[in-house]
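Structure first, then comments.
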Amino acid sequence: MTQPTERLLAGPPLGGRAESLHAHHLRLGALPHVPAGQMIAALEAAGVLGRGGAGFPVGRKWRAIFERPDLGTPVIVANGAEGEPESAKDRVLMAHRPHLVIDGVLIAARTLGADRVELYLGREHTAAVGAMRAAVEERPKTERKLLHIVEAPIGYVAGESTAVVHYVNSKDARPMTTPPRMSERGVRNRPTLVQNVESLAQAALIARFGPDWFREAGRGKNRGTGLITIAGPVRHEGVAEIELGTPLAELVEMAGGLTGNPRAVLIGGYFGTWAPIETAWGLALEPESLKAAGLTFGCGLVRIVDDRTCGVDYAARIMDFLAAGSAMQCGPCKYGLADLAGASARLAGMDARATDLHDIERWTALVTGRGACRHPDGAAQQMSSALAVFADDFASHADRRRCLASNVMTRAYR
Ligand SMILES: Cc1cc2nc3c(=O)[nH]c(=O)nc-3n(C[C@H](O)[C@H](O)[C@H](O)COP(=O)(O)O)c2cc1C
Ligand code: SF4
């Protein structure tokens, strides 16, 4: 894929081996010493938002911990779980530029005075885990002592920040259902910064080049670059680094152009939002612009579907996956998502009951805000946007008439 705006992915081409520490230093120099107050101010001035999904300002998160030294010595957790099935940006980053991620955790540890870093890595991403392990081994002993690799269990919810902390503490990757806030008591009851690996890599670049440089890239309100995973009918699916604000049409061009007739796009991951292709085509891929259009940047997944794909089927498969991924602790999440998955599967399979469509509409509203974590909210968001964007498909399936997608003829769902 053409990569016109490379910062995180600058260096040797993707597809090869991970960049060594020597090559990383030759290219970028050693991580500079930046005083703590200056580093946090730089993150705030850059305006960099977290890249794990929620888009929380990175500088604000670091400041919350920095300003409470009375709570104890902090712990840094790099979140490289990437349980989102269609997203690949974190694993690609770690597999190719592991030292940038390690620089990110080191600058976070120095800034916040942390004495321990947990590198929480999705165990199924073997190339990424291998590259990160090798990169840790290349570091000097003083740094190695800080860095601890934790192989995260497979599962969507295992990457949720309280589940991350829970797993590091007790090998149980279910979200914690009760406060306190992690910035106060997280890993080993200490103040804990859980930060996505891309966010940390961005911090490592900001430490080197400053916020003005960071903001030179970008075309909208949120500046800088971001990693995107593009999937669907394009010539080269995969991970691209874009200037935030790049229109979808341009991203598709970077990916070699279309190979099908697009009809809709899911932006932001399985917790994201569907949009019709006509609306999305000129849209700037940047958190603020997407928010204004009722969409979310999320984890940066852009999944296009073409006219051979049944929207009901796609939404039902996602719901099935998310229902199976519930940590089964909260009733509305455990039972609500299972019911939504059941009804949408029947619709997809042309086996709908009379009330299924109406029930799906009702239940998406009912589960929202009713879990201890955002899992049911994200699942409901995906489903309710699918109901709007694929309204004709849902209506046709509900009447057991026919599937409107050209390659799906009343096929059984499972
Ligand atoms: C169900 C669920 C799964 C999540 N999975 C991930 C993940 O795999 N990786 C990640 O970085 N953040 C994930 N998140 C977001 C984290 O809870 C958290 O917001 C993030 O790691 C913080 O880093 P950031 O501020 O740099 O984005 C998930 C959230 C939810 C609700
Ligand atoms: S909302 Fe779902 S995933 Fe989140 S804690 Fe409750 S049961 Fe677990």
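Quick notes
- Distant-in-sequence amide H partners of VAL75 (H built 1.01 Å from N, under 5 Å): THR192, LEU193
- Stokes-Einstein D for segment 348-394, Kirkwood Rh over Cα pairs, 20 °C, 1.002 mPa s (µm²/s): 188
- Distant-in-sequence amide contacts of LEU301, defined by a placed amide H-H separation under 5 Å and a gap of 5 or more residues or a different chain, comprise THR229, GLY268, GLY269.
- Mean residue ellipticity (222 nm) of the chain, computed from DSSP H runs ≥ 4 via -39,500 (n - 2.57), nearest 500: -12500 deg cm²/dmol
- Based on the Stokes-Einstein relation at 25 °C and a viscosity of 0.890 mPa s, and on the Kirkwood radius from alpha carbon pairs, segment 311-398 is assigned a translational diffusion coefficient of 198 µm²/s.
- Based on the Stokes-Einstein relation at 10 °C and a viscosity of 1.306 mPa s, and on the Kirkwood radius from alpha carbon pairs, segment 225-306 is assigned a translational diffusion coefficient of 132 µm²/s.
- Selected from THR225, THR259, THR368 as most flexible by GNM, with the chain as the system and alpha-carbon contacts under 10 Å: THR259
- Per the Debye calculation on the chain with a single equal scatterer at every Cα and no solvent contribution, log₁₀ I(q)/I(0) for q = 0.10, 0.11, 0.14 Å⁻¹ amounts to -0.67, -0.81, -1.26.
- Under 5 Å between amide hydrogens, built in the peptide plane, is the criterion, and for ASP306 it picks out ARG263 among residues at least 5 positions away or on other chains.
- Loop-located trypsin sites (Lys or Arg not before Pro) in segment 1-91 (DSSP state other than H, G, I, E, B) with a sparse environment of at most 15 neighbouring Cβ atoms within 10 Å: ARG17.
- Inter-part distance, segment 105-154 to segment 327-344, computed on C-alpha centroids, equals 35 Å.
- The peptide list 180-189, 142-151, 92-101, put in order of mean Cβ contacts within 10 Å with the highest first, becomes 92-101, 180-189, 142-151.
- Normalised by 2.2 N^0.38 Å, where N is the number of residues, the alpha-carbon radius of gyration of segment 42-132 equals 1.14.
- Candidate lysines - alpha carbon under 27 Å from LYS334, same-chain residues fewer than 8 apart omitted: LYS171
- Relative to the longest principal axis of the Cα atoms of the chain, helix 98-112 runs at roughly 70 degrees.
- Degrees, to the nearest 10: 197-216 long Cα axis against longest axis of the chain: 70
- Environment charge of ALA264, counting only residues whose C-beta is closer than 13 Å and scoring Lys/Arg +1, Asp/Glu -1: -3
- Against the chain, whose longest principal axis is taken from its Cα atoms, helix 356-367 shows a tilt of about 30°.
- In segment 309-387, the trypsin sites (Lys or Arg not before Pro) that fall in loop regions by DSSP, at most 15 other Cβ within 10 Å: ARG353, ARG370
- Pairs of Cα atoms in segment 267-342 fall into 5 Å distance bins, from 0 up to the last occupied one, in shares of 3, 14, 21, 19, 17, 15, 8, 2, 0 percent.
- By DSSP, the beta bridges lying fully in the chain are antiparallel in about 50 percent of cases.
- Using θ = phi - 60° and Karplus 6.51 cos²θ - 1.76 cosθ + 1.60, couplings along segment 304-317 (whole Hz; Gly, Pro as x): 8, 10, 9, 6, 8, 9, 7, x, 5, 4, 5, 5, 5, 5
- Computed on segment 21-216, the Cα convex hull volume stands at 111 Å³ per residue.
- Considering all different alpha carbon pairs of segment 193-245, the Kirkwood hydrodynamic radius works out to 12.4 Å.
- For segment 1-73 versus segment 186-256, the gap between their alpha-carbon centres in whole angstrom: 11
- Relative contact order of segment 311-398, taken over Cα pairs closer than 8 Å and 6 or more residues apart, is 35 percent.
Read the figures in this text as sums done on the coordinates, not as results from a lab. Fair warning: this is a prediction, and the values are worked out from it, not measured in the lab. Note that each Cβ is placed from the backbone with ideal geometry, even for glycine, and that neighbours are counted across all protein chains shown.
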